[in-house]
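J.: What follows is a structure written as structure tokens; I'll ask about it next.
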Amino acid sequence: MAATRLTAAAVLAIAITLTHASVSFMDHNEARQGTFSFKVKRTTPVPPRLSSLEDTVNLEEGQTGFVLECNLDVGDDPIAYRWLKNHKWVTGALGYAYRSHRKLHLALHAVKREHAGTYICEAANEAGVHSHAINIVVDSSNMKPSVINKELPRTDEVLSDMAASMSDVLAEGGCKCDTMFLVHFAPDADAPPETVAAQANLVYTIGESIVSDSARVSVMTYSDSLEQKLPFGKGTNHCALRDAFKGPFTHKRWATHIRPVLREAFKRFKKSKSECKILFLPLFGYAQGLNSKISDQDILEAQSLKKLGVKLFVLEVTKEPVEDVSKIASQRGDGKPYHWRLPQHIWPTIVMYMKYMTEG
């Protein structure tokens with residue numbers, strides 16, 4: 001069949017459906033008409049599907065360090081995940097939920113009888129919802145009295161309160177906040193590599209839940225200098241946040257005063273036009289071998305940030321409480337500071353429950 005040539009004067013009438021398109025035309029110069037058709041490919045997100053290596057897990061009461069794991073076999077982002085037990089959300093009283101690449105984890109506290117039951121890992125995107133059940137059986141027959149009486153530190157209450165407080169501030173800002181997360185690195189016993197990995201996972205877990213086109217997120221590592229891992233940028237997305245945590249986390253310098261860190265954060269927030277600004281500041285092993293308290297100059301630098309409208313959240317992980325740390329933190333509506341402290345010997349319990357997100 002001879003090809004039909006259209007001139008510039010041709011008038012096209014186009015009718016298109018989602019799966020099939022046809023084009024009708026008439027060439028007024030040559031009084032010819034015809035129709036040709038073509039297919040339009042429609043892309044549909046793949047719904048999630050979960051699986052696990054074991055459907056039943058046998059644990060002993062008092063056992064520590066166990067992590068439930070579900071694998072995401074297929075599924076297109078964005079995907080929302082959650083853990084359920086007896087049709088209710090799993091709370092911090094049982095363990096910590098976190099994610100790594102294509103996996104969903106639930107790190108259990110020291111196993112107790114109440115851990116027994118059926119756990120559901122669930123994944124959902126716009127194409128569908130899928131869940132997978134794992135049954136936990138707890139054996140108490142070999143439980144030793146010395147282990148029964150041993151209580152692990154309750155870090156879940158601290159972390160839950162911190163996350164809830166940040167959610168409240170984000171809500172007040174209409175979820176259009178600029179949030180800077182700092183990760184503290186010190187190449188000594190105060191902040192060894194596994195500590196940095198746990199910080200990165202904690203920051204990613206918080207940041208991943210708030211990042212959007214309107215809520216910008218920045219990530220920095222610091223010792224006595226800053227290294228920008230993810231700058232503030234319009235349209236910061238989940239992939240950009242994930243890539244910011246692809247190692248290595250390295251600093252050649254030792255931890256020192258916090259003043260220059262606050263000063264550099266001030267420079268970056270000064271450029272922000274958002275009315276809602278948040279700075280998450282972890283202090284690990286601060287003042288070990290240095291000063292025993294936060295200096296007046298540190299407090300002044302913090303006040304400069306507060307004048308810009310920045311709310312400072314401070315997580316202190318030290319052997320002994322550092323004097324005046326709460327003075328650099330912002331205050332809640334009830335006058336209490338956004339300051340939380342965990343004794344340094346407790347932090348390894350968080351490290352045990354949190355893997356660096358790019359592992360696996």
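FYI, it's all coordinate maths here, none of it is from the lab. Predicted model, so just to flag it, every value in this text is computed and none were measured. All Cβ positions, glycine included, derive from the backbone under ideal geometry; neighbour counts span all protein chains shown.
J.: Could you sort out which of K88/K112; K85/K336; K229/K307; K270/K311; K306/K336; K277/K336 sit more than 22 Å apart by Cα distance in this structure?
T.: Too far apart for the 22 Å limit: K85/K336; K229/K307.
J.: I want the local charge near L72. Using Cβ-Cβ distances under 14 Å, sum +1 for each Lys or Arg and -1 for each Asp or Glu among the other residues.
T.: 0
J.: In terms of modelled amide H atoms, which long-range or inter-chain residues lie less than 5 Å from the amide H of G62?
T.: When sequence neighbours closer than 5 places are left aside, the close amide H contacts are V111, K112.
J.: Around V111, under 12 Å between beta carbons, what's the net of Lys plus Arg minus Asp minus Glu among the other residues?
T.: It works out to a net charge of -2.
J.: I've got another one for you. Give me the net charge of D334's neighbourhood, meaning all other residues with Cβ under 15 Å from the Cβ of D334; Lys, Arg count +1, Asp, Glu -1.
T.: 0
J.: Amide H to amide H, which residues 5 or more places from F232 or on other chains are under 5 Å from it, using H placed in the peptide plane?
T.: Residues meeting the amide H criterion: none.
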